[in-house]
Amino acid sequence: MTYTDLKGLAVSTTSSDALAAYERGVDLFLRWRSGTLEALETAAQCDPHFALAPCTRAYIAWRMGRVDLATAAAHRAVALADEVHHERERLHVRAVDAMQRGEQATAYDLLEEITAQYPTDRLAVRILGLNCVTQGNYRGGIDIARRSLEADPGDPQFQTMLGFFCS
């Protein structure tokens, strides 16, 4: 059975428990709530071959300044690269690999590719949007938010993101 995330994007897990824990982790991150890393670790425990779980854990740990957790999660994700069945997830693995090697520009180029091809990828959109904030690239943030809203007009994250960049 093939699973999809809340936005209908294919994911490489065969575990409904792993997918539920992953979605919980992403939701907690998007709402700036605690428990994010724990939920993603649960997802990885439910399906040790689900590469998107450690990818997401790596992104979030980096944002939190937890290089130790980020590096471990990135290594785990890269080790699972052969288990990935979908291009979007392969791009995430490559982006996390670039981040852990200190190649930030490459990582963000890959995230831009993800958001261009998959504008409803909530995680990529948020991480790239946060990068736009840190660089003062509000035009870039507006473009990402608008593209995502075109694909999913009712999504509160994309609406909030556009509101932030336009204010």
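The values are calculated or read from the model by the stated rules, or taken from the named source; none is laboratory data. Since the model is a prediction, treat every value here as computed from it, not as a measurement. A quick note on method: Cβ atoms are made from the backbone with ideal geometry, for glycine too, and the neighbour counts reach across all protein chains shown. Heavy atoms of the whole protein, side chains included, go into the accessibility calculation; ligands, DNA and RNA do not. Shrake-Rupley method; radii C 1.70, N 1.55, O 1.52, S 1.80 Å.
Take the Cα of Asp82, go 7 Å toward its beta carbon, and the backbone nitrogen atoms of region 1-35 under 20 Å from that spot belong to 12-14. The protection proxy used here, the mean number of other Cβ atoms lying within 10 Å of each residue, ranks peptides 22-29, 158-165 as follows, highest first: 22-29, 158-165.
If I compute solvent accessible area with a 1.4 Å probe over the protein chains, what percent of it on the chain is carbon and sulfur?
Details: 3990 of 7830 Å².
Roughly 51 percent, rounded to a whole number.
Surface analysis of the chain yields an accessible area of 47 Å² per residue, using protein heavy atoms and a 1.4 Å probe. Label-to-label distance, Thr134 versus Ser167, with points set 7 angstrom from Cα along the beta-carbon direction: 2.2 nm. With both labels modelled 7 Å from their Cα along Cα-to-Cβ, the Gln45 to Gln159 distance reads 3.6 nm.
Across the alpha-carbon atoms of region 48-167, the computed radius of gyration and Dmax are 14.1, 43 angstrom.
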